[in-house]
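Engineer: Attaching a single structure in structure tokens format; questions to follow.
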Amino acid sequence: AQTIHQWPVAEIKAVGSPLSLGCTIKGKSSPNLYWYWQATGGTLQQLFYSITVGQVESVVQLNLSASRPKDDQFILSTEKLLLSHSGFYLCAWSLRGDYAEQFFGPGTRLTVL
Amino acid sequence: GDSVTQTEGQVALSEEDFLTIHCNYSASGYPTLFWYVQYPGEGPQLLFRASRDKEKGSSRGFEATYDKGTTSFHLRKASVQESDSAVYYCALSANYGNEKITFGAGTKLTIKP
């Protein structure tokens, strides 16, 4: 069975500090991978998606970057956090195909002070 | 750009009431439409999807019909239960492969026992 793991579970960081969030999918080869951001009480905003290793597409600019160093790993990062980066970060995966469902991970709660 | 409008931000009902959550969309071409449900502290889960005009999606007693004429995909359930309390998101994908998804603002459903 496939599993999706996100780390850390929660993070409290200072404005201006760097950030790295991770996501690993086990049990599926060559999945599509996605990063979403959700403000507290807000909607889901898709940030990035990747259909293959080393290739990442940006959907919206929020002073964040993403990388896919391995087939089963997706990293979200920034060198300098802003207060507006606070929220819930969700990783998701899907198979390739026109009717592919996206499966979401448990998320990482980020608080920037 | 693509957009999804959910009319109700919050809905409060009693058990066995009828539920309608309105969803209208704007997109070029023929998007795939989704309903997702999110429970507190978790990532969203797909309820169902529809890809063609007049196609009905359904799951767990919830249903919605794709209506291209009115650009709508309203969520309905005949008799809600307390366990249905959650946030519901209407979403669309207008690109081949459905990698890029746009979510509505979400509707918080609270069911009183």
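Engineer: Which strands (runs of 3 or more DSSP E) sit wholly inside region B:6-92 and have at least 1 residues that are surrounded by 12 or more Cβ atoms within 10 Å (Cβ to Cβ) and either polar (S, T, N, Q) or touching a residue at least 60 places away in the same chain (Cβ under 8 Å) (or both)? It would help to see each step written out before you state the result.
Structural biologist: Numbers: elements: B:10-14, B:19-21, B:23-26, B:32-38, B:45-50, B:56-59, B:62-65, B:75-77.
In region B:6-92, the matching strands (runs of 3 or more DSSP E) lie at B:10-14, B:19-21, B:23-26, B:32-38, B:45-50, B:56-59, B:62-65.
Engineer: As an exercise: evaluate residue B:111 against (1) within 26 Å of residue B:27 (Cα to Cα); (2) in a strand (DSSP E or B); (3) over 15 Å from the mean Cα position of the chain (by Cα) and give the number of the one condition it does not meet.
Structural biologist: Tallying (1) within 26 Å of residue B:27 (Cα to Cα); (2) in a strand (DSSP E or B); (3) over 15 Å from the mean Cα position of the chain (by Cα), residue B:111 fails exactly one: (1).
Engineer: Still on this structure: Can you pull out every residue in region A:1-47 that is touching a Gly at 6+ places or on another chain (Cβ under 8 Å), in contact (Cβ under 8 Å) with a residue 40 or more places away in the chain and not in a strand (DSSP E or B)?
Structural biologist: Scanning region A:1-47 gives A:2, A:39, A:40, A:42.
Engineer: Quick one: how many residues across region A:25-38 are farther than 15 Å from residue A:100 by Cβ and either touching a Phe, Trp or Tyr at 6+ places or on another chain (Cβ under 8 Å) or surrounded by 24 or more Cβ atoms within 10 Å (Cβ to Cβ) (or both)? Walk me through it before giving the result.
Structural biologist: Filtering region A:25-38 for residues farther than 15 Å from residue A:100 by Cβ gives A:26-27, A:35-38.
With the extra rule that they be either touching a Phe, Trp or Tyr at 6+ places or on another chain (Cβ under 8 Å) or surrounded by 24 or more Cβ atoms within 10 Å (Cβ to Cβ) (or both), the set shrinks to A:35-38.
Residues meeting the conditions: 4.
Engineer: While we're looking at this one, here's another question. Return the residue satisfying two criteria in turn: it lies in region A:66-113 and is under 12 Å from residue A:36 (Cα atoms) and among the polar types (S, T, N, Q), and of such residues it is farthest from the other protein chains (Cβ to nearest Cβ).
Structural biologist: By that ranking, first place goes to A:108.
Engineer: Just name the residue that is nearest to residue B:91 (Cα to Cα) out of those in region A:48-57 that are outside any loop (DSSP other than H, G, I, E, B) and more than 11 Å from every other protein chain (Cβ to nearest Cβ). Give the derivation first.
Structural biologist: Keep residues of region A:48-57 that are outside any loop (DSSP other than H, G, I, E, B), which gives A:48-52, A:55-57.
Next, only the ones that are more than 11 Å from every other protein chain (Cβ to nearest Cβ) stay: A:52, A:55-56.
Details: A:52: 24, A:55: 25, A:56: 22 Å.
Checked region A:48-57; the qualifying residue nearest to residue B:91 (Cα to Cα) is A:56.
Read-outs throughout are calculated quantities, based only on the coordinates presented, and are distinct from any laboratory measurement. Please read these numbers as outputs of a predicted model, since none were measured by experiment. Please note: Cβ atoms are built from the backbone with ideal geometry, for glycine as well, and neighbour counts cover all protein chains shown.
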